[in-house]
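The values are calculated or read from the model by the stated rules, or taken from the named source; none is laboratory data. The structure displayed is predicted, hence computed values, not measured ones. Cβ placement follows ideal geometry from the backbone for every residue including glycine, while neighbour counts extend to all protein chains displayed. In case anyone asks, the SASA skips ligands and DNA or RNA and just uses the protein heavy atoms, side chains included. Shrake-Rupley method; radii C 1.70, N 1.55, O 1.52, S 1.80 Å.
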Amino acid sequence: MRTEAEDTGDTRAFQVLPCPRTIQIETTARCNLRCKMCAAKGAGSSGASNTRRGDMPEPLYRKIIADLAQYRDHIETLSLFMDGEPLLDKRLPQWIRLAKDAGLRTINIATNGTLLRGQTAGALIESGLDSLIVSIDSTDPEVYGAIRIGADLKDVEQNVRDFMALRSAKGKALPHVAVRMIEMPENRGEHETFKAHWEGIVDQVRFQACHNWGSALSAAPEPDAKVPPCNWPFRYMVVYSDGRAGFCCLDYEGIYDLGNFRDRTLDEIWHGEGYAQLRDWMRGRLAEHLPKCRHCDFPGVSPFETRHWKTFLIHNHSSAPLDVWLEYEEAGETKRSGKRQAQAGRILRWRMLYEGQPGVSVCFNAGQSNARYVPYHPGQLFHEVSIP
């Protein structure tokens, strides 16, 4: 079984997929903070980059979701956020439920956590949201305040703890909750402290290197600067709140004309002239046509993985611990993982690299060996399994 560290992705895989693997919809461009490392709306942004778009109109959102539903067997993730704070859109739980009811299997958001409380928290847990990332960046109130300008660390930490308690009280395993540190000079040296602080409270602790926002936060590129190899235009799409399509979340202004969902469909945009031209420029790494991409370090920081991970949420409903292992077919052979222990009345989270397997057997020993077969779907990243 492959380990997570072995999967590095491939930024040079330039084949065009039938539709984007990940689609990111901006329902609101508003934000309540001015974070130090954010070129779109943060302390480092210019007046031009801080321009606001209005919230996405409901008829437009419904039109887009109805269109995406035709590709629910191919879309891996729908992300309902971009460069703003998604929880400022009070319609978000309704938007998540609408997308889930349309058959889109994995929906996530990332938030600064300042509004993750009260009715909003409860509604998110009930909405069908699969994954929630809370960006926190430090355990030191002073460092945190210098990065997340306008937020209070104590309040955000309490919001996360209360959210986890509420999810538990509701008997839910989802959304999967990760706290994330974006690593930068201000929090250098906090890696282990941050990890120890959050492990056992949330489901996952994540670290991400700070990128330069498509060179927006770096020195001016050299005249002969190259565009780095990047496969994002071949796998990914942004939809701005006004309906325009984009190829990268770092293009927060939307400077490329790729089409608009107000009058075009996903297929027309994805396979249209605008995307085709942009992909040709990206293959040739033509800096004169891709000013946003010159000196961009994002492909190195976050390569778009050619494979993805499945997470099993294994509920042990018995009164005793159970040994659990996974079995699956690979190259005509049955492969078996090592054993882990699922504690009584708890949920064991187990991640596995998806490489086209039709499914996996979640095996357990409860006096005798038993198994629950879980068929895979390419677009479903979280699978709940009950044992015994």
Next item on the list: Look at A40 and say whether it is farther than 16 Å from L98 by Cβ, outside any helix (DSSP H, G or I) and modelled with pLDDT of 50 or more.
Entry: yes
Checklist line | Whichever residue in the range 169-210 is over 30 Å from A123 (Cβ atoms) and open to solvent by less than 30 Å² (accessible area, probe 1.4 Å) and, among such residues, is modelled with the highest pLDDT | finding: E190
Next item on the list: Among residues belonging to the range 347-377 that are over 25 Å from H308 (Cβ atoms) and surrounded by fewer than 13 Cβ atoms within 10 Å (Cβ to Cβ), point out the one that is modelled with the highest pLDDT.
Entry: S369
Note to self: With the structure loaded, tell me whether W270 is at pLDDT 85 or above and open to solvent by less than 10 Å² (accessible area, probe 1.4 Å) or whether it fails that test.
What the structure shows: yes
Check: Looking only at residues in the range 351-388 that are in contact (Cβ under 8 Å) with a residue 24 or more places away in the chain and of a type in the set (S, T, Y), which one is nearest to S319 (Cα to Cα)?
Finding: S386
Notebook entry, point to check: Taking interchain pairs and intrachain pairs at least six residues apart, which have beta carbon atoms under 6 angstrom, with the first residue in the range 89-107 and at positive phi and the second surrounded by fewer than 20 Cβ atoms within 10 Å (Cβ to Cβ) and modelled with pLDDT of 95 or more?
Noted result: G103/A69
Next item on the list: Collect the residues in the range 230-266 that are among the β-branched types (V, I, T) and open to solvent by 20 Å² or more (accessible area, probe 1.4 Å), keeping them in residue-number order.
Entry: I255, T265
Check: Is there a residue in the range 307-327 that is part of a loop (DSSP other than H, G, I, E, B) and under 28 Å from the mean Cα position of the chain (by Cα)?
Finding: yes
Next item on the list: Would you list the strands (runs of 3 or more DSSP E) that sit entirely within the range 73-157 and hold 2 or more residues that are surrounded by fewer than 20 Cβ atoms within 10 Å (Cβ to Cβ) and of a type in the set (A, V, I, L, M, F, W, C)?
Entry: none
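Conditions (1) under 29 Å from S138 (Cβ atoms); (2) of a type in the set (A, V, I, L, M, F, W, C), marked per residue:
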| site | (1), (2) |
| --- | --- |
| A66 | no, yes |
| L92 | yes, yes |
| R105 | no, no |
| N112 | yes, no |
| G118 | yes, no |
Note to self: For the range 166-174, check the following and say yes or no: at least one residue is out of contact with any His (no Cβ under 7 Å at 6 or more places or on another chain), in a helix (DSSP H, G or I) and in contact (Cβ under 8 Å) with a residue 12 or more places away in the chain.
What the structure shows: yes
Check: Which of (1) part of a helix (DSSP H, G or I); (2) without any contact (Cβ under 8 Å) to a residue 40 or more places away in the chain does L278 not meet, given it meets every other one?
Finding: (2)
